[in-house]
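Heads up: the structure comes next, in structure tokens.
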Amino acid sequence: MKAFGIEFKKDLREISTKDLAYIGDAVFELYCRLSFSFDSKTVKAHVNAKSQAIKYDFIEPFLHEDEKEIAMRGRNLKSPRSKDPSYRKATALESVIGYLFLAGRSERLEEILSLSLKI
């Protein structure tokens, strides 16, 4: 996969779920900022654990099997906030987005991102 002029060759199975979620969080926030013309109030309404958990529930039935596996890894990620169900679902969503981004599956990524903003 190539992004930002950088060739990414690492096997995605070697990428930690934490790193997938980190990348997914950054991609999701950037997508929201661009979609809402940097309107901070609207962006903040979409880029938070509670909102992302709702978005995850909405898109979950549309996920492919490989994406469901990544989402499950994201939901099971241990962190200081992992007892919060909203945080766990948000991490699942971010992990899927990070996975799709790093896999170079831009059409599917766009599909998931646009679907997530419908709610």
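All of the numbers you see were taken from the coordinates with simple rules; none came from a lab. Predicted, not measured: the structure shown is a model, and the values here were computed from it. Here the Cβ positions follow ideal geometry from the backbone for every residue, glycine too, while neighbour counts run over all protein chains shown.
A simple rule links phi to the HN-Hα coupling: the Karplus curve 6.51 cos²θ - 1.76 cosθ + 1.60 with θ = phi - 60°, which for the range 59-74 gives 8, 3, x, 8, 6, 7, 4, 5, 5, 5, 5, 5, 4, 5, 4, x Hz, with x for Gly and Pro. Residues of the range 74-99 with an amide N closer than 14 Å to a point placed 7 Å from the Cα of ASN48 along the Cα-to-Cβ direction: 86-87. Evaluate E = 1/(1 + (r/R0)^6) for LYS68 and LYS2, where r is the Cβ-Cβ distance and R0 equals 41 Å; express this FRET efficiency to the nearest 0.05. Efficiency, rounded to the nearest 0.05: 0.95.
Could you pull out the pairs from LYS9/LYS41; LYS83/LYS118; LYS10/LYS118; LYS44/LYS89; LYS2/LYS118 whose alpha carbons sit more than 25 Å apart here? Cα-Cα > 25 Å for LYS9/LYS41; LYS83/LYS118; LYS10/LYS118; LYS2/LYS118; rest within.
Note on ARG13 and SER37: their simple-model spin labels are 4.7 nm apart, each label 7 Å out from Cα toward Cβ. Every helix of 4 or more DSSP H residues in the chain counts as -39500 (n - 2.57), and over all residues that averages to -21000 deg cm²/dmol at 222 nm. Phi angles across the range 25-35 convert, under the Karplus curve 6.51 cos²θ - 1.76 cosθ + 1.60 with θ = phi - 60°, into 3J(HN,Hα) values of 4, 5, 5, 5, 5, 4, 4, 5, 4, 6, 5 Hz, Gly and Pro given as x. For ALA3, the residues 5 or more places off, or on other chains, whose built amide H falls under 5 Å of its own are PHE8.
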